[in-house]
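Step one of this worksheet: look at the structure below.
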Amino acid sequence: MFILSINTASNKSNIVFWKDGEIYELFYSTNSRTYGETLTNNLSDLLNKSKWNLKDVDIFSVVTGPGSFTGLRIGVVTIKTLAQIYKKPTVGISYLEALAFQTSFKGLKVPVMSARKGEVHAGFYMDEDPIYPEDVYSYNTFLSLLNKFSKDNPTIIIGDISEDLKLLLPQNIISTSEFLNSIRGETLVYITLKKYQKGDIKDYLTLLPDYRQKSSAEINWEKKHERTGSKN
């Protein structure tokens, strides 16, 4: 089995080749202006290093969200294109799901990612199983769910959390170090294989980014047209 997996959900990106237990991985930092260029160059570098060929890949997988709008779009489009060219299946991976899967902890695991002001992307997991849907929650709703599910369980929050939300967390909640907040290559491979074995795959047409919220451009466009409409 040969897997290519890409994570471009944040500025801490990585590309992973895995073939029958042998792994090649490249971590790199980027920004919204260089996602496409750095992904293409680093993918080429990893191909040269591994001496493997894209035509031999069995499954293409990618982190579909939540995360950077630009990063998710470029990562998903890249995987869709490769899957179409080589006629192979794809697997979509949630960024929050990956954080939960790679964290060894006996209790409630709460993967998070900062969203807009006053909101947070979050999921609630026991072991590898979600106990409540991932979504974008207001701080009030998130804290209510956190208090509910952590009542009888030791609890850890995984991911980058804003300072204002951090101040609102109950004192008994554990937070992870920054090192654990980056998705590892073996995590992407593990989830890809697990989903593939369960038949949870997509073709290149049905694989889509999972933004979970509107972009700033969409919000500004709506506000502009609301003002225009009100004048008419």
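Details
- Any chance residue 187 is surrounded by fewer than 12 Cβ atoms within 10 Å (Cβ to Cβ), of a type outside the set (Phe, Trp, Tyr), outside the structural domain of residue 147 (by TED's automatic domain parsing) and modelled with pLDDT of 95 or more: no
- Residue within the range 189-207 that is over 22 Å from residue 128 (Cα atoms), out of contact with any Phe, Trp or Tyr (no Cβ under 8 Å at 6 or more places or on another chain) and among the acidic types (Asp, Glu) present: yes
Residue-wise test of (1) small (Gly, Ala, Ser); (2) outside the structural domain of residue 44 (by TED's automatic domain parsing); (3) more than 25 Å from residue 1 (Cβ to Cβ).
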residue	(1), (2), (3)
56	no, no, no
69	no, no, yes
75	yes, no, no
85	no, no, no
123	yes, yes, yes
128	no, yes, no
148	no, yes, yes
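The values are calculated or read from the model by the stated rules, or taken from the named source; none is laboratory data. Note that this is a predicted model, so its numbers are computed, not measured. FYI the Cβ positions are ideal-geometry reconstructions off the backbone, even for glycines, and counts take in every protein chain you see.
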